[in-house]
Ligand code: NAD
Ligand code: DAU
């Protein structure tokens, strides 16, 4: 038996592959396009490990996905592959439509053809797990109840709209064709191998480089934060026991304003690697123009996952963020490699920095 993971060289996908192979010996076929966000260095510890097969390719390439499915006969497909950065979707939505909508459609078509030809009992046991985001639900007011799976879908950015479209397609393939799907909608992840254009790794990297810490608008936007390894354990649990056709929210019960995040990261670095001049890292905070259409608050109600499948996150925000900052301090060569190339061009575009 094996599983096919798409987008397994990205932040969450690579954590998932490492987590999976740390927990069992079931082989992983890892299909990834290696966009700017895909980094095979994340999987360096699997070099020479026959349980991991990396395949360079696109979920939108029907023929390639169909070949892979026919050759390896996986019992499940877990779809992480996506364009994932809201700011990039504002600068250029085209790639988001191509991968998150059209790519997901082609993937669904290839999986439907493969699954349709399977014999029992493999056909009944097969699962497609689609990894999605809380952003599809839109934005909450300060006192609104957290998103449940019944919350209306009201995406506000090209990124979240493209993810919502893929969620709808996945749902429709179950409803129309009976494809055995599962969908997870998760809150903001953080942890090892997080690409440093997203808030938490960007803060760590900029603190250490003596650069400004860019806070959009007033910094009072709220996100729910989940340590990435807890997201991985939730996906494993949903894959193992989730009810076919259902959606499960995944969250950390950790609502924080962005400014609280900035303060926490700065305080941890003050403790673990203080500035040579003794000035607190908070001094580097710089307020910048807000993200257009910036969602004010996300909050996830993960009771369904807890009630039905017994899942709870293992980390609190305090333990998870300490591990994360320590990981970045211990893995400066990884950071240095990411900072070369495409990432520098992105910094120039987003913040007007010279690469
Ligand atoms: P990421 O941007 O770090 O990684 C995406 C990966 O997908 C990269 O390795 C990239 O090369 C690959 N990819 C992109 N287009 C592809 C294509 N057409 N074919 C094959 N591979 C392709 O993203 P992430 O943060 O790891 O997110 C993974 C998934 O989880 C996404 O679907 C995202 O929407 C979802 N999600 C992310 C978060 C978060 O906080 N990061 C939270 C909830 C849900
Ligand atoms: O909620 C889940 C989503 O979380 C995922 O679906 C996305 O793939 C993932 O990228 C993440 O989206 P966000 O837009 O919330 O993450 P980001 O790290 O870009 O921003 C987090 C918050 O910090 C957001 O309110 C914007 C703010 N921010 C971000 C950056 C990069 C800043 O204030 N300054 C910054 O420089």
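The values are calculated or read from the model by the stated rules, or taken from the named source; none is laboratory data. Fair warning: this is a prediction, and the values are worked out from it, not measured in the lab. No Cβ is skipped: glycine too gets one built from the backbone with ideal geometry, and neighbour counts run over all protein chains shown.
Can you name every residue in segment 226-235 that is in contact with a helix residue (DSSP H, G or I) (Cβ under 7 Å, 6 or more places away or on another chain) and either surrounded by fewer than 23 Cβ atoms within 10 Å (Cβ to Cβ) or assigned to a helix (DSSP H, G or I) (or both)?
Once the filter is applied, which keeps residues that are in contact with a helix residue (DSSP H, G or I) (Cβ under 7 Å, 6 or more places away or on another chain) and either surrounded by fewer than 23 Cβ atoms within 10 Å (Cβ to Cβ) or assigned to a helix (DSSP H, G or I) (or both), segment 226-235 yields 228, 229, 231, 232, 234, 235.
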Q) Among the residues of segment 90-100, which ones are surrounded by fewer than 20 Cβ atoms within 10 Å (Cβ to Cβ) and under 26 Å from residue 242 (Cα atoms)? A) none
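Among the residues of segment 276-312, count how many are farther than 27 Å from residue 143 by Cα and either in contact (Cβ under 8 Å) with a residue 40 or more places away in the chain or touching a strand residue (DSSP E or B) at 6+ places or on another chain (Cβ under 9 Å) (or both). Reasoning before the result, please.
Here is the first cut: in segment 276-312, the residues farther than 27 Å from residue 143 by Cα are 276-286, 309-310.
From what's left, either in contact (Cβ under 8 Å) with a residue 40 or more places away in the chain or touching a strand residue (DSSP E or B) at 6+ places or on another chain (Cβ under 9 Å) (or both): 281-282, 284-286, 309-310.
Of the residues in segment 276-312, 7 are farther than 27 Å from residue 143 by Cα and either in contact (Cβ under 8 Å) with a residue 40 or more places away in the chain or touching a strand residue (DSSP E or B) at 6+ places or on another chain (Cβ under 9 Å) (or both).
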Q: Please indicate, with yes or no, whether at least one residue in segment 57-68 is loosely packed, with under 15 Cβ neighbours inside 10 Å, at positive phi and at pLDDT 95 or above.
A: no
Q. Give me the pairs: first residue in segment 33-48 and at negative phi, second residue more than 6 Å from ligand 1 (Cβ to nearest atom) and at pLDDT 90 or above, beta-carbon distance under 6 Å, and six or more apart or on different chains, which are they?
A. 42/14; 42/193; 43/14; 46/52
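Among the candidates 83, 149, single out the residue that is within 16 Å of ligand 2 (Cβ to nearest atom), touching a residue at least 12 places away in the same chain (Cβ under 8 Å) and surrounded by fewer than 22 Cβ atoms within 10 Å (Cβ to Cβ).
Going through 83, 149 in turn, just one is within 16 Å of ligand 2 (Cβ to nearest atom), touching a residue at least 12 places away in the same chain (Cβ under 8 Å) and surrounded by fewer than 22 Cβ atoms within 10 Å (Cβ to Cβ): 149.
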Q) Taking residue 203 and the conditions (1) more than 13 Å from the chain's Cα centre (by Cα); (2) away from ligand 2 (no atom under 14 Å from the Cβ); (3) buried (at least 21 other Cβ atoms within 10 Å of the Cβ), which numbered condition does it fall short on, given that it satisfies the others? A) (2)
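Which ranges mark the helices (runs of 4 or more DSSP H) fully within segment 110-224 that have 3 or more residues being away from ligand 1 (no atom under 12 Å from the Cβ) and under 29 Å from residue 71 (Cα atoms)? Step through it out loud before you land on a result.
Values: elements: 122-125, 158-177, 199-209.
In segment 110-224, the matching helices (runs of 4 or more DSSP H) lie at 122-125, 158-177.
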Q.
Quick check on segment 9-26: of everything there that is more than 16 Å from ligand 2 (Cβ to nearest atom) and touching a residue at least 40 places away in the same chain (Cβ under 8 Å), which residue is surrounded by the fewest Cβ atoms within 10 Å (Cβ to Cβ)?
A. 23
**Q.** Qualifying positions in segment 258-303 - crowded, with 19+ Cβ neighbours inside 10 Å and more than 16 Å from ligand 2 (Cβ to nearest atom)
**A.** 268, 269
Q) Within segment 98-112, is there a residue that is within 30 Å of residue 255 (Cβ to Cβ) and within 12 Å of ligand 2 (Cβ to nearest atom)? A) yes
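Using the structure shown, decide if residue 248 is more than 12 Å from ligand 2 (Cβ to nearest atom) and surrounded by 15 or more Cβ atoms within 10 Å (Cβ to Cβ). Let's see the steps before the verdict.
Values: more than 12 Å from ligand 2 (Cβ to nearest atom): yes; surrounded by 15 or more Cβ atoms within 10 Å (Cβ to Cβ): yes.
So residue 248 passes the test.
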